[in-house]
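> The structure under discussion is supplied below as structure tokens; questions concerning it will follow.
Rule-based calculations on the coordinates, nothing more; no lab input. Values in this document were obtained by computation on a predicted structure and should not be read as measured data. Glycine gets a Cβ as well: all are built from the backbone with ideal geometry, and neighbour counts include every protein chain shown.
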Amino acid sequence: MNKSRRAEITKIAGQLSDIKDSLEQIREDEQDSIDNMPENFQLGERGEKSAEGVDAIEDALQALDDIGTALETAAE
């Protein structure tokens, strides 16, 4: 791979890192929201939906980690 394409991949990896940071902040905020709910809300539909959202974000973060690793390999 030439230098220009490696640089473009590195740029995209940086953008990906920014997206991960934003998602991590959203996940932390949502988890804090769940933790601050009264227990009956945590165990109810509202809490379950919030917890499912946190789980989905964690899955997305893992996928982004995998993509980041692949991009690093591609840029070598």
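> Relative to the first principal axis of the alpha-carbon coordinates of the chain, what is the inclination of helix 3-35, with its axis defined by its Cα atoms, in degrees from 0 to 90 and to the nearest 10?
Around 10 degrees separate the two axes.
> If you place +1 on the Cβ of every Lys and Arg, -1 on the Cβ of every Asp and Glu, and leave all else neutral, what size is the dipole of the chain about its Cα centre, to the nearest 20 Debye? The partial results should precede the final answer.
Details: 8 positive and 20 negative charges, 141 e Å.
Magnitude of the dipole: close to 680 debye.
> What's the angle, to the nearest 10 degrees (0 to 90), between helix 45-75's Cα axis and the longest principal axis of the chain?
For helix 45-75, the angle is close to 10 degrees.
> Moving on. Of 23, 61, 43, which is the most mobile in a GNM of the chain whose springs link Cα atoms less than 10 angstrom apart?
43
> Could I have the simple spin-label model distance between residue 69 and residue 6, label points 7 Å from Cα toward Cβ, reported in nm to one decimal?
2.2
> How long is the chain along each principal axis, judged by its Cα atoms, biggest number first, in Å?
58, 15, 12
> If I build a Gaussian network model for the chain, linking alpha-carbon pairs within less than 10 angstrom, which residue out of 44, 53, 14 has the largest mean-square fluctuation?
Looking only at 44, 53, 14, the largest GNM fluctuation is found for 44.
> Which lysines have a Cα less than 29 Å from the Cα of residue 3, not counting those fewer than 8 places away in the same chain?
11, 20
> Test of understanding: in a Gaussian network model of the chain with alpha carbons linked when under 10 Å, which of 39, 48, 58 would top the mean-square fluctuation ranking?
Of the options given, 39 has the highest mean-square fluctuation.
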